[in-house]
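Worksheet: one structure, shown below.
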Amino acid sequence: MAHISQISSFLSIVLIFLALCITLFTNPTLSLPALKLNPFQDFCVADLQATPTNSGYPCKSQVTSEDFFYSGLNTPLNTSNPKGIAANPANLLTFPGLNTLGISMYNVAIAPGGYNQPHSHPGVTEAGVVIEGSVLVGFLTTNYTLYSKVIGPGDMFVIPPGLIHYEGNVGKTQCRLLTVVADDLPSEVGVPHTLLATKPAIPNEVLMSAFKADSKTINMLRSKFTA
(Lines give C-alpha, C1' and ligand atoms only; values in the text may rest on other atoms or scores of the structure.)
Protein backbone atom coordinates (compact mmCIF):
# COMPACT_ATOMS: atom_id res chain seq x y z
CA MET A 1 0.00 0.00 0.00
CA ALA A 2 2.89 2.38 0.78
CA HIS A 3 4.26 1.85 -2.72
CA ILE A 4 0.85 2.69 -4.27
CA SER A 5 0.65 5.81 -2.11
CA GLN A 6 4.09 6.96 -3.30
CA ILE A 7 3.10 6.46 -6.95
CA SER A 8 -0.14 8.38 -6.39
CA SER A 9 1.76 11.23 -4.73
CA PHE A 10 4.29 11.41 -7.56
CA LEU A 11 1.54 11.41 -10.22
CA SER A 12 -0.20 14.24 -8.39
CA ILE A 13 2.99 16.30 -8.46
CA VAL A 14 3.49 15.59 -12.17
CA LEU A 15 -0.09 16.67 -12.94
CA ILE A 16 0.41 19.87 -10.95
CA PHE A 17 3.60 20.57 -12.86
CA LEU A 18 1.89 19.97 -16.20
CA ALA A 19 -0.80 22.45 -15.19
CA LEU A 20 1.97 24.89 -14.30
CA CYS A 21 3.57 24.52 -17.73
CA ILE A 22 0.25 24.97 -19.50
CA THR A 23 -0.48 28.13 -17.51
CA LEU A 24 2.99 29.56 -17.96
CA PHE A 25 3.45 28.91 -21.64
CA THR A 26 -0.04 29.53 -22.97
CA ASN A 27 -0.24 32.97 -21.36
CA PRO A 28 0.92 35.42 -24.05
CA THR A 29 2.02 38.00 -21.50
CA LEU A 30 4.50 35.51 -20.04
CA SER A 31 5.76 33.65 -23.06
CA LEU A 32 5.82 36.07 -25.98
CA PRO A 33 9.33 37.49 -25.28
CA ALA A 34 10.83 34.02 -25.66
CA LEU A 35 8.88 32.83 -28.71
CA LYS A 36 10.87 33.05 -31.94
CA LEU A 37 8.87 30.78 -34.24
CA ASN A 38 8.62 31.62 -37.90
CA PRO A 39 4.89 31.67 -38.83
CA PHE A 40 5.72 29.58 -41.91
CA GLN A 41 7.11 26.61 -39.97
CA ASP A 42 5.83 24.32 -37.23
CA PHE A 43 9.21 23.93 -35.53
CA CYS A 44 12.94 24.36 -35.97
CA VAL A 45 14.98 21.58 -34.39
CA ALA A 46 18.45 23.05 -33.90
CA ASP A 47 21.37 21.66 -35.86
CA LEU A 48 24.02 21.77 -33.12
CA GLN A 49 26.68 20.54 -35.56
CA ALA A 50 26.36 23.78 -37.55
CA THR A 51 27.97 27.09 -36.65
CA PRO A 52 25.51 29.35 -34.84
CA THR A 53 24.91 32.92 -36.01
CA ASN A 54 23.50 35.97 -34.24
CA SER A 55 20.03 34.52 -34.91
CA GLY A 56 20.89 31.14 -33.39
CA TYR A 57 21.34 27.67 -34.82
CA PRO A 58 19.94 26.72 -38.23
CA CYS A 59 17.19 24.11 -38.47
CA LYS A 60 18.02 20.45 -39.02
CA SER A 61 17.13 19.22 -42.47
CA GLN A 62 16.39 15.66 -41.35
CA VAL A 63 14.07 15.51 -38.34
CA THR A 64 12.90 12.33 -36.57
CA SER A 65 10.55 11.57 -33.68
CA GLU A 66 13.57 11.29 -31.38
CA ASP A 67 14.16 15.05 -31.73
CA PHE A 68 11.03 15.73 -29.67
CA PHE A 69 11.77 13.44 -26.72
CA TYR A 70 14.41 13.75 -23.99
CA SER A 71 15.30 11.52 -21.03
CA GLY A 72 18.30 13.43 -19.64
CA LEU A 73 16.38 14.80 -16.66
CA ASN A 74 16.59 11.32 -15.10
CA THR A 75 20.38 11.41 -14.80
CA PRO A 76 21.47 11.08 -11.12
CA LEU A 77 22.54 14.33 -9.47
CA ASN A 78 25.62 14.74 -7.27
CA THR A 79 25.43 17.59 -4.76
CA SER A 80 28.81 16.88 -3.12
CA ASN A 81 30.37 20.12 -4.35
CA PRO A 82 31.17 23.45 -2.64
CA LYS A 83 27.79 24.94 -3.64
CA GLY A 84 25.79 21.86 -2.63
CA ILE A 85 23.65 22.08 -5.74
CA ALA A 86 23.39 20.18 -9.02
CA ALA A 87 21.05 20.33 -12.01
CA ASN A 88 20.21 18.44 -15.19
CA PRO A 89 19.24 20.91 -17.92
CA ALA A 90 16.80 20.30 -20.74
CA ASN A 91 17.53 23.36 -22.85
CA LEU A 92 18.44 24.14 -26.42
CA LEU A 93 21.96 22.73 -26.05
CA THR A 94 20.88 19.39 -24.57
CA PHE A 95 17.45 19.07 -26.20
CA PRO A 96 17.61 20.70 -29.67
CA GLY A 97 13.89 20.12 -30.21
CA LEU A 98 13.22 23.03 -27.84
CA ASN A 99 14.77 25.49 -30.29
CA THR A 100 12.52 28.57 -30.79
CA LEU A 101 9.80 27.14 -28.52
CA GLY A 102 10.52 29.41 -25.56
CA ILE A 103 10.82 26.78 -22.84
CA SER A 104 13.49 24.88 -20.89
CA MET A 105 13.29 22.59 -17.87
CA TYR A 106 15.69 21.68 -15.06
CA ASN A 107 15.86 18.84 -12.55
CA VAL A 108 17.54 20.42 -9.51
CA ALA A 109 18.90 18.85 -6.33
CA ILE A 110 20.19 20.81 -3.33
CA ALA A 111 22.08 19.35 -0.38
CA PRO A 112 21.03 20.29 3.18
CA GLY A 113 22.23 23.83 3.82
CA GLY A 114 22.93 24.43 0.13
CA TYR A 115 21.75 27.53 -1.74
CA ASN A 116 21.43 28.58 -5.33
CA GLN A 117 23.02 32.04 -5.27
CA PRO A 118 20.86 35.13 -5.88
CA HIS A 119 20.51 35.41 -9.65
CA SER A 120 18.13 36.48 -12.39
CA HIS A 121 17.03 35.39 -15.85
CA PRO A 122 16.69 38.68 -17.74
CA GLY A 123 13.28 39.16 -19.29
CA VAL A 124 11.82 35.71 -18.64
CA THR A 125 9.61 33.99 -16.07
CA GLU A 126 10.65 30.99 -13.97
CA ALA A 127 8.35 28.60 -12.15
CA GLY A 128 8.78 25.27 -10.42
CA VAL A 129 7.42 22.54 -8.21
CA VAL A 130 9.07 20.81 -5.25
CA ILE A 131 9.38 17.02 -5.55
CA GLU A 132 11.19 16.26 -2.28
CA GLY A 133 12.31 18.13 0.80
CA SER A 134 11.90 21.66 2.16
CA VAL A 135 12.91 24.54 -0.10
CA LEU A 136 13.20 28.22 0.75
CA VAL A 137 12.31 30.28 -2.33
CA GLY A 138 12.56 34.05 -2.43
CA PHE A 139 12.64 36.90 -4.91
CA LEU A 140 13.22 40.65 -4.75
CA THR A 141 11.15 43.31 -6.46
CA THR A 142 12.54 46.49 -8.01
CA ASN A 143 11.34 48.43 -4.95
CA TYR A 144 13.45 46.18 -2.67
CA THR A 145 10.61 44.07 -1.28
CA LEU A 146 11.39 40.43 -0.50
CA TYR A 147 8.76 37.74 -1.06
CA SER A 148 9.73 34.32 0.28
CA LYS A 149 8.36 31.09 1.68
CA VAL A 150 9.44 27.60 2.70
CA ILE A 151 7.61 25.10 0.50
CA GLY A 152 7.40 21.30 0.31
CA PRO A 153 6.46 18.45 -2.04
CA GLY A 154 3.70 19.38 -4.47
CA ASP A 155 4.03 23.12 -3.77
CA MET A 156 4.65 25.43 -6.73
CA PHE A 157 6.35 28.80 -7.07
CA VAL A 158 6.72 31.46 -9.73
CA ILE A 159 9.38 34.13 -10.21
CA PRO A 160 8.23 37.17 -12.23
CA PRO A 161 10.35 38.05 -15.29
CA GLY A 162 13.90 39.20 -14.62
CA LEU A 163 13.70 39.53 -10.82
CA ILE A 164 16.57 38.45 -8.55
CA HIS A 165 15.73 35.20 -6.76
CA TYR A 166 17.22 32.25 -4.90
CA GLU A 167 16.42 28.74 -3.69
CA GLY A 168 17.87 26.94 -0.68
CA ASN A 169 17.51 23.66 1.18
CA VAL A 170 16.36 24.34 4.74
CA GLY A 171 15.63 20.69 5.57
CA LYS A 172 17.78 17.85 6.86
CA THR A 173 17.72 15.76 3.68
CA GLN A 174 18.45 16.49 0.03
CA CYS A 175 15.67 18.37 -1.71
CA ARG A 176 14.68 18.13 -5.35
CA LEU A 177 12.61 20.36 -7.58
CA LEU A 178 11.65 20.72 -11.23
CA THR A 179 11.83 24.20 -12.70
CA VAL A 180 10.73 25.63 -16.01
CA VAL A 181 12.03 28.85 -17.58
CA ALA A 182 10.32 30.71 -20.41
CA ASP A 183 13.27 30.55 -22.81
CA ASP A 184 14.92 27.69 -24.68
CA LEU A 185 18.39 28.83 -23.54
CA PRO A 186 17.92 31.27 -20.66
CA SER A 187 20.77 33.47 -19.56
CA GLU A 188 21.60 33.58 -15.85
CA VAL A 189 23.09 36.59 -14.09
CA GLY A 190 24.57 35.63 -10.71
CA VAL A 191 24.64 38.71 -8.48
CA PRO A 192 27.82 37.97 -6.44
CA HIS A 193 29.86 36.85 -9.45
CA THR A 194 28.60 39.72 -11.60
CA LEU A 195 29.83 42.24 -9.04
CA LEU A 196 32.96 40.55 -7.72
CA ALA A 197 34.37 38.30 -10.46
CA THR A 198 34.27 40.51 -13.56
CA LYS A 199 37.25 40.86 -15.91
CA PRO A 200 38.42 43.58 -15.81
CA ALA A 201 37.35 44.14 -12.22
CA ILE A 202 34.83 46.77 -11.23
CA PRO A 203 36.88 49.54 -9.52
CA ASN A 204 37.02 49.17 -5.75
CA GLU A 205 35.73 52.73 -5.37
CA VAL A 206 32.47 51.76 -7.09
CA LEU A 207 31.90 48.74 -4.83
CA MET A 208 33.01 50.64 -1.72
CA SER A 209 30.32 53.22 -2.46
CA ALA A 210 27.68 50.60 -3.25
CA PHE A 211 28.30 48.45 -0.16
CA LYS A 212 29.33 51.26 2.21
CA ALA A 213 32.49 49.28 2.95
CA ASP A 214 36.24 49.91 2.97
CA SER A 215 38.74 48.65 0.40
CA LYS A 216 39.94 45.82 2.66
CA THR A 217 36.42 44.38 2.90
CA ILE A 218 35.89 44.62 -0.85
CA ASN A 219 39.20 42.86 -1.54
CA MET A 220 38.27 40.11 0.92
CA LEU A 221 34.91 39.57 -0.77
CA ARG A 222 36.49 39.65 -4.21
CA SER A 223 39.02 36.97 -3.19
CA LYS A 224 36.15 34.55 -2.47
CA PHE A 225 35.01 34.67 -6.09
CA THR A 226 38.23 35.04 -8.06
CA ALA A 227 40.49 32.50 -6.34
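The values are calculated or read from the model by the stated rules, or taken from the named source; none is laboratory data. Treat the numbers as computed from the prediction; the structure is a model and nothing was measured. Cβ: placed from backbone, ideal geometry, glycine included. Neighbour counts: every protein chain shown. These accessible areas exclude ligands, DNA and RNA; they are computed on the full protein's heavy atoms, side chains included. Shrake-Rupley method; radii C 1.70, N 1.55, O 1.52, S 1.80 Å.
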Report task. Taking 7 Å along the Cα-to-C-beta vector as the label spot, tell me the Asn78-Val158 distance in nanometres, rounded to one decimal. Result -> 3.8 nm
Query - Debye, to nearest 20: dipole size of the range 123-221, +1 on Lys, Arg Cβ, -1 on Asp, Glu Cβ - result: 340 debye
Requested in this report: List the lysines whose Cα lies under 18 Å from the Cα of Lys172, skipping any in the same chain that are fewer than 8 positions away.
Outcome: Lys83, Lys149
Requested in this report: Among Thr142, Asn91, Gln41, flag the residue with its Cα farthest along the positive direction of the charge dipole of the range 41-153, charges on Cβ as +1 for Lys/Arg and -1 for Asp/Glu.
Outcome: Thr142
**Report entry** Whole-percent carbon and sulfur share, accessible surface of the range 83-170, 1.4 Å
**Finding:** 64 percent
Report summary line: Listed by chain and number, the lysines with an alpha carbon less than 19 angstrom from that of Lys199, same-chain partners under 8 positions apart left out, are Lys224
Requested in this report: Determine the per residue accessible area of the range 40-180 with all protein chains present and a 1.4 angstrom probe, expressed in square angstrom.
Outcome: 53 Å²
Report task. Calculate the radius of gyration of the Cα atoms of the range 51-201 to one decimal place, then report Dmax, the largest Cα-Cα distance, as a whole number, both in Å. Result -> 16.5, 49
